Amino acid sequence: MTVLKVSSPLSETPEQSKKRLRKVAAATIFGSMLEWYDFYLYATMAAIVFSKIFFDNSNPTTASLLAFSTFAIGFIARPFGGAFFGYLGDKFGRKQVLVLTFCLMGVCTTLIGLIPSYASIGIWAPIILVAVRIIQGLGAGAELSGAAVTSYEHADEGKRGSQGAWPALGLNLGLLLSSLTIYLLTINGNEFLLSGGWRIPFICSIALVGVGMWVRRSIPETPKFAELSEQAVKTKTSPLKALFKNDLKGLAVVFFVAIGYNALSYMFKTFSLAYLTQFKGVDVHVTSLSVTIASLVAIVTVPFFGWLCDKWSSKTVLMLGGVFSLLFAYPFLAMLNTGESLMIYVAIGVGTGILAPMMFAPQGSFLSRQFPTQTRSSGFGTGREIGTAIAGGLAPLGGLSLVAASTTHSTDGVVLILAIASVLVVVFALCDQGRKHSQFKN
């Protein structure tokens, strides 16, 4: 890999600057869209399809837990991907890593749709599924952090909050696209999905990969990275060594905020879908429509919360999201427990459409500003993905296990998980290290 040399943004005309930002917006939004298109597809299929396709279904309960565990397994690779590709981003530049991780993640999504069933190749079906999922996790572990850092470093002064929210917008576009796809596939029931229709959205994602690769290859390197002197870029000190030597406080902030936010977000999205399907008997048609509605709401709320980050600060918006999530924990589960479609739409609509975006939109700017340019990609990717692996992989599985262990299938333990996660977001947002590395409040 070689470092790209780019002209300084100071020499740009206003029209050139707008053109550059349009390309960056498209590249970061599109990549995040593909990641979360895959996320929701996999979460939904793991909950309702994979147990029947890739596992021995003689014991349906065991098969369901094994299938859902493959969702958690994907998170094992994420910290390794975040650290490794974050290191490459600090060493060689943001753009090249964005292209590489996008390709890795997208190709694996397509491959999942091509894996033969358990009935065809036996135990090799789940083995191949897990292997592909782990490789995919390597790319996903660097995707969001790379996109967020790229957006932040390309952003205009005073716009780091709103432009740092671009990956969050991509997230919800991905959720919208995938949930709408599943809604259409299940419009006449689950039979078509189970008979092979589930493969269609995975295989068709190759088209998104082609378009995304073309878009990402067209963006320039970030101005912040380009401003580093050649000596600084080629320093013998490893970015990871510098990170652990100089920026441990920022790493801790990112790590714990990531645990709190991802526990909340994945409980709102992933736990709720599996819980409603397995314990309330709610049809997939209803749960997919609920996420579609929530995603439509989020497409409006994400830019709004990004704008608030510029007006107030990303720290303030992030903390408010944690406080409101704490207050919403019990009502969220109470509405899910009714099993009624309208209550489900409201619960997931508020959780996924308003509260999760309220905490996710600030992260591009808030987490990026915890580190200097030299270690930003490594710090963001390492801290966030270790936190994501712990919370995203274990929180939904832990919540489902608590419900399954209860003789009445009580969700009281799940309320506690949501409350603890909310407190983590608020407490560690207060520990913001951003003033050390940026003169801008957002």
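Taken over the range 336-374, residues that are assigned to a helix (DSSP H, G or I), farther than 22 Å from residue 313 by Cα and over 21 Å from the mean Cα position of the chain (by Cα) amount to 10. Just one of the listed residues (120, 151, 162) is farther than 20 Å from residue 43 by Cβ and over 22 Å from the mean Cα position of the chain (by Cα), and it is 120.
Which of the residues belonging to the range 361-389 are aliphatic (A, V, I, L, M) and crowded, with 24+ Cβ neighbours inside 10 Å?
At the first step, the residues of the range 361-389 found to be aliphatic (A, V, I, L, M) are 361, 367, 386, 389.
If the condition is that a residue be aliphatic (A, V, I, L, M) and crowded, with 24+ Cβ neighbours inside 10 Å, then 361, 367, 389 are the ones that fit.
Among the residues of the range 273-288, not a single one is within 26 Å of residue 100 (Cα to Cα), touching a helix residue (DSSP H, G or I) at 6+ places or on another chain (Cβ under 7 Å), not small (Gly, Ala, Ser) and not in a loop (DSSP other than H, G, I, E, B). Only a single item in (1) within 24 Å of residue 182 (Cα to Cα); (2) among the hydrophobic types (A, V, I, L, M, F, W, C); (3) at pLDDT below 90 is not met by residue 1, and it is number (1).
Among the listed residues 346, 350, identify the single one that is in contact with a Phe, Trp or Tyr (Cβ under 9 Å, 6 or more places away or on another chain) and within 16 Å of residue 291 (Cα to Cα).
On the way: 346 fails: in contact with a Phe, Trp or Tyr (Cβ under 9 Å, 6 or more places away or on another chain).
Exactly one residue qualifies, and that residue is 350.
Looking at 286, 300, just one residue is at pLDDT 85 or above, in contact with a Ser or Thr (Cβ under 8 Å, 6 or more places away or on another chain) and more than 19 Å from residue 86 (Cα to Cα), and that residue is 286.
Residue 61 passes every criterion in (1) buried (at least 19 other Cβ atoms within 10 Å of the Cβ); (2) of a type outside the set (D, E, K, R); (3) assigned to a helix (DSSP H, G or I) apart from (1).
Residue-wise test of (1) basic (Lys, Arg); (2) modelled with pLDDT of 85 or more.
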residue: 191; (1), (2): no, yes
residue: 200; (1), (2): no, yes
residue: 216; (1), (2): yes, yes
residue: 226; (1), (2): no, no
residue: 247; (1), (2): no, yes
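Per-residue answers, yes or no, for (1) in contact (Cβ under 8 Å) with a residue 60 or more places away in the chain; (2) within 20 Å of the chain's Cα centre (by Cα); (3) under 23 Å from residue 239 (Cβ atoms):
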site	(1), (2), (3)
16	no, no, no
30	yes, yes, no
97	yes, yes, yes
110	yes, yes, no
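Residue by residue, here is whether (1) under 29 Å from residue 69 (Cβ atoms); (2) acidic (Asp, Glu); (3) buried (at least 24 other Cβ atoms within 10 Å of the Cβ); (4) out of contact with any His (no Cβ under 6 Å at 6 or more places or on another chain) holds:
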| position | (1), (2), (3), (4) |
| --- | --- |
| 223 | no, no, no, yes |
| 227 | no, yes, no, yes |
| 271 | yes, no, yes, yes |
| 287 | yes, no, yes, yes |
| 295 | yes, no, yes, yes |
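At pLDDT 95 or above, crowded, with 20+ Cβ neighbours inside 10 Å and either within 23 Å of residue 287 (Cβ to Cβ) or among the hydrophobic types (A, V, I, L, M, F, W, C) (or both), is that true of residue 358? Answer is yes for this residue. Residues that are part of a helix (DSSP H, G or I) and among the aromatic types (Phe, Trp, Tyr) occur in the range 20-31; there is at least one.
The values are calculated or read from the model by the stated rules, or taken from the named source; none is laboratory data. Only a predicted model underlies this, so the values are computations on that prediction, with no experimental measurement involved. FYI the Cβ positions are ideal-geometry reconstructions off the backbone, even for glycines, and counts take in every protein chain you see.
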